[in-house]
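One structure below.
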There are 2 protein chains.
Amino acid sequence: MSVIVVGSMAFDAIETPFGKSDKIVGGAATYIAWCASNFTNVNQISVVGGDFPQEELDALSARGVALDGVEIKKNEKSFFWSGKYHLDMNSRDTLVTELNVLEHFKPVVPDSYQDAEFVMLGNLQPSVQMSVINQLTHRPKLIVMDTMNLWMDIAMDDLKAVLKKIDVLMINDSEARQLSGDYSLVRAAKTIMAMGPKFLIIKKGEHGALLFHEDKVFFAPALPLEEVFDPTGAGDTFAGGFIGHIAKTKDISFENMKTAIIVGSAMASFCVEKFGTQRLREISKEDIANRLQEFVQLVNFDIDLV
Amino acid sequence: MSVIVVGSMAFDAIETPFGKSDKIVGGAATYIAWCASNFTNVNQISVVGGDFPQEELDALSARGVALDGVEIKKNEKSFFWSGKYHLDMNSRDTLVTELNVLEHFKPVVPDSYQDAEFVMLGNLQPSVQMSVINQLTHRPKLIVMDTMNLWMDIAMDDLKAVLKKIDVLMINDSEARQLSGDYSLVRAAKTIMAMGPKFLIIKKGEHGALLFHEDKVFFAPALPLEEVFDPTGAGDTFAGGFIGHIAKTKDISFENMKTAIIVGSAMASFCVEKFGTQRLREISKEDIANRLQEFVQLVNFDIDLV
């Protein structure tokens with residue numbers, strides 16, 4: 001069992017109402033790999049500059065993350081993003097975006113990755129996501145894709161082309177509204193599934209996530225936390241937990257995706273407890289099992305009484 | 001099994017992105033009674049003017065709602081509220097508020113109501129809610145209370161006095177933040193429970209509801225709907241479903257309150273499908289049972305696979 005993960009590995013500088021980080025390691029694929037490696041082998045595809053810390057790569061290697069597909073451009077700098085969160089933590093301002101190595105990213109899928117049955121396309125330019133799909137020598141069991149509003153603004157045709165090739169789309173509520181042109185998320189889901197993906201996950205941050213498939217819907221709450229310390233990477237961590245559980249169980253049924261979304265939500269609830277990937281590095285299998293039990297308690301009810 | 005319900009019976013005029021109603025029957029106690037009467041006998045306490053339709057009172061009577069505690073002030077007008085919802089349906093502007101009969105409302109608890117074991121205090125001036133509590137000859141098994149930000153602004157001392165007398169407080173997320181002075185709902189819940197209520201329900205509209213008790217928390221989602229046609233009365237209907245289920249089962253444990261919140265959420269999901277109380281008048285026991293099954297499907301997952 002293994003998962004191909006494609007996405008950025010980068011530096012972030014984050015400001016929240018609770019504090020300010022230095023320039024720390026971030027990037028969608030970094031969060032996904034730290035998270036998914038709890039459940040499955042990860043075949044990482046990314047690009048970093050010579051400034052990216054070797055210790056970070058070594059730490060991922062030690063967790064079973066294959067790095068053959070991570071290009072290191074020694075004379076260039078890694079992607080850098082800096083942002084500041086508002087009090088409600090659901091919205092943020094981007095302060096700095098330096099594409100650096102990401103500007104001319106041409107991912108190459110190593111031969112050693114070709115037996116992976118699952119693919120997680122982290123948020124990237126749609127044409128880059130497409131080039132990964134086109135390099136695969138066989139159709140994986142499941143291709144999951146994240147994207148963002150920027151690509152809807154500037155690369156909608158490319159995005160629509162990728163949507164036809166994937167199985168599960170993962171976006172947030174405002175992106176679902178933008179992509180569908182419909183305010184109602186239930187109607188938006190129908191419109192978006194007609195564009196290609198058979199499954200749609202709409203992330204609502206602290207308000208949980210919805211999974212749509214045909215006429216079925218499932219809801220996973222976010223764990224109510226005293227403090228959301230830093231939401232950066234929560235969506236990527238959610239994706240890592242989702243694809244990690246799917247890869248571990250090799251079961252792509254709607255029923256199993258429900259569980260996968262709960263796993264994603266549980267993992268995301270760890271991510272936000274500290275800056276960056278710090279909390280994801282600390283947690284044990286037991287922490288994860290306990291957190292999953294908290295989700296059972298959070299939503300479990302007995303309807304026989306009615 | 002019966003429930004004392006206290007609150008307004010009134011007229012509303014509602015504007016939503018989907019349309020505009022005439023002056024229709026509304027009021028917290030009206031919604032609560034229409035809803036709770038699916039599960040239990042209701043002992044209604046309210047005040048209306050001579051303009052309030054006799055057919056409405058007859059229709060409630062026919063459902064087992066006792067009206068001995070509903071005062072009719074023949075020469076006065078009923079409470080009137082008019083409001084306009086924004087596109088997101090979570091926020092609204094009040095256009096008109098005419099207190100009329102509500103201005104000098106002095107509720108009287110009829111002797112025939114004194115054996116009720118459960119009390120639902122709909123949103124009203126805290127001193128009016130307190131006067132009902134003070135008239136009760138024995139302490140009910142459970143007193144549930146709704147309130148609103150207005151009373152936090154102009155009658156906080158009275159509100160705090162009532163909070164010491166009740167068991168379950170039901171407010172929305174912005175009210176919980178205002179009452180506690182804390183943005184985090186988890187911390188807000190602790191602060192508010194220290195003010196008196198042993199249970200706290202925080203309603204988040206389309207994002208569901210949270211139940212807090214000691215260090216426990218339960219989450220009930222709202223049903224994802226294609227269209228929220230008119231949110232007026234959804235919170236009161238939720239309250240009616242909650243207290244209705246509790247009264248029917250006579251079980252005030254945290255476990256049973258979880259189910260009660262799901263019942264409240266299911267009933268609220270009907271309420272918003274049409275203007276006013278219209279949908280609540282139409283639904284059958286079978287509709288309710290089917291809707292509850294939808295909630296089971298919506299949140300039920302199998303974590304043994306993990």
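Read-outs throughout are calculated quantities, based only on the coordinates presented, and are distinct from any laboratory measurement. Keep in mind that what you see is a predicted model, and the values were worked out from it rather than measured. Using ideal geometry, Cβ is built from the backbone for each residue, glycine included, and neighbour counts are taken over all protein chains shown.
What are the semi-axes of the equivalent ellipsoid of region A:247-303, taken as the square roots of 5 times the eigenvalues of the Cα gyration tensor, listed largest first and rounded to whole Å?
Semi-axes (√(5λ), whole Å): 22, 16, 10.
Would you mind ranking A:TYR183, B:TYR31 so that the residue whose beta carbon has the fewest other beta carbons within 10 Å leads the list?
A:TYR183, B:TYR31
For chain B, what does the helix formula give at 222 nm: sum of -39500 (n - 2.57) over DSSP H segments with n ≥ 4, over the residue count, nearest 500 deg cm²/dmol? List each step's numbers first, then the result.
On the way: 11 runs with 113 residues, N = 306.
Mean residue ellipticity, 222 nm, calculated: -11000 deg cm²/dmol.
Give me a single rounded figure for A:171-184: the average over its residues of other chain Cβ atoms within 10 Å of their Cβ. Display every interim value, and only then the final one.
Details: counts 0, 0, 0, 0, 0, 0, 0, 0, 0, 0, 0, 1, 6, 5.
If you average over the peptide's residues, the count of other-chain Cβ atoms is 1.
Looking at the protein assembly as shown, send over the antiparallel percent of its DSSP beta bridges, to the nearest 5.
40 percent
If I model a spin label at B:PHE254 and A:VAL108 as a point 7 Å from the Cα along the Cα→Cβ vector, what separation in nanometres do I get?
Roughly 5.7 nm, to one decimal.
I need the phi-derived Karplus couplings for region A:46-59: 6.51 cos²θ - 1.76 cosθ + 1.60, θ = phi - 60°, integer Hz, Gly and Pro marked x.
6, 9, 10, x, x, 7, 6, x, 4, 4, 5, 5, 5, 5
Using Stokes-Einstein with the Kirkwood hydrodynamic radius over Cα pairs, what translational diffusion coefficient do you get for the protein assembly as shown at 37 °C and a viscosity of 0.692 mPa s, in µm²/s rounded to a whole number?
Using the Kirkwood radius from Cα pairs, D works out to 127 µm²/s.
Quick one: of the DSSP bridges fully inside chain A, what percent are antiparallel, nearest 5?
Just about 40 percent of them are antiparallel.
What FRET efficiency comes out for the pair A:THR137/B:LEU225, r = Cβ-Cβ distance, R0 = 35 Å, nearest 0.05?
For R0 = 35 Å, the calculated efficiency reads 0.20.
Using the Cβ atoms and a cut-off under 12 Å, what net charge is assigned to the surroundings of A:GLY27, where Lys and Arg are +1 and Asp and Glu are -1?
Values: positive: none; negative: A:ASP12, A:GLU56, A:ASP236.
Cβ neighbours under 12 Å give a net charge of -3.
Roughly how many nanometres apart are two label points built 7 Å out from the Cα toward the Cβ at A:PHE18 and B:GLN293?
If labels sit at A:PHE18 and B:GLN293, their model points lie 4.3 nm apart.
Fewest first, what order do B:LYS106, B:LYS250 take by the number of other Cβ atoms within 10 Å?
Placing the least packed residue first, the sequence is B:LYS106, B:LYS250.
For region B:153-177 and region B:232-263, what is the separation of their C-alpha centers, rounded to whole Å?
Region B:153-177 and region B:232-263 have Cα centres separated by 19 Å.
For chain B, set up a Gaussian network in which alpha carbons nearer than 10 Å are linked by springs, and say which option among B:ALA176, B:ALA209, B:ALA62 fluctuates the most.
B:ALA62
Report the net charge of residues surrounding A:CYS271, where surrounding means a beta-carbon distance below 9 angstrom and charges are Lys +1, Arg +1, Asp -1, Glu -1.
Taking every Cβ under 9 Å from that of A:CYS271, the sum is -1.
If amide H atoms are built 1.01 Å from N in the plane of the peptide, which residues on other chains or at least 5 residues away come under 5 Å of the amide H of A:GLU76?
Result for A:GLU76 returns A:GLY50.
How many angstrom lie between the C-alpha centres of region B:78-96 and region B:1-38?
Region B:78-96 and region B:1-38 have Cα centres separated by 14 Å.
Pull up all non-local amide H partners of A:GLU71: gap of 5 or more, or a different chain, and H-to-H distance under 5 Å with H placed in the peptide plane.
So A:GLU71 has HN proximity to A:SER46, A:VAL47, A:VAL48.
Between A:LYS73 and A:LYS160, take the C-beta separation as r, use R0 = 30 Å, and let me know the FRET efficiency to the nearest 0.05.
Details: r = 31 Å, r/R0 = 1.02.
My answer for the efficiency is 0.45.
So what is log10(I(q)/I(0)) for region A:97-146 at q = 0.14, 0.23 1/Å, when the Debye sum runs over its Cα atoms only?
Reported log10 I(q)/I(0), two decimals: -0.37, -0.90.
Go through region B:112-122 residue by residue and turn each phi into a ³J(HN,Hα) via Karplus (6.51, -1.76, 1.60, θ = phi - 60°); whole Hz please, and just put x for glycine and proline.
Karplus-based 3J(HN,Hα) across region B:112-122 equals 5, 8, 5, 8, 5, 9, 10, 10, 10, 8, x Hz.
Using Cα-only point scatterers and the Debye equation, what is log10 of I(q)/I(0) for region A:166-213 at each q in 0.19, 0.27, 0.30, 0.31 Å⁻¹, rounded to two decimals?
Values returned for q = 0.19, 0.27, 0.30, 0.31 Å⁻¹ are -0.48, -0.97, -1.18, -1.24.
Please state the relative contact order of chain A as a whole percent: Cα pairs under 8 Å, 6+ residues apart?
Relative contact order of chain A: 18 percent.
Principal axis extents for region A:210-306, Cα atoms only, whole Å, descending order, please.
Answer, in whole Å and largest first: 41, 32, 24 Å.
Take A:TRP81, B:TRP34 and order them by how many other Cβ atoms sit within 10 Å, fewest up front.
Fewest-to-most Cβ neighbours within 10 Å comes out as A:TRP81, B:TRP34.
Enumerate the calculated ³J(HN,Hα) couplings along region A:155-162 in order (Karplus 6.51 cos²θ - 1.76 cosθ + 1.60, θ = phi - 60°), each rounded to whole Hz, writing x wherever the residue is Gly or Pro.
8, 4, 5, 4, 4, 4, 5, 5
What translational diffusion coefficient, to the nearest whole µm²/s, does region A:2-299 have by Stokes-Einstein, given a Kirkwood radius computed over alpha-carbon pairs, a temperature of 37 °C and 0.692 mPa s viscosity?
The diffusion coefficient I find is 173 µm²/s.
Would you pull out the residues with amide H under 5 Å of A:GLY208's amide H, same chain only if 5 or more places away, H placed 1.01 Å from N?
A:ALA222
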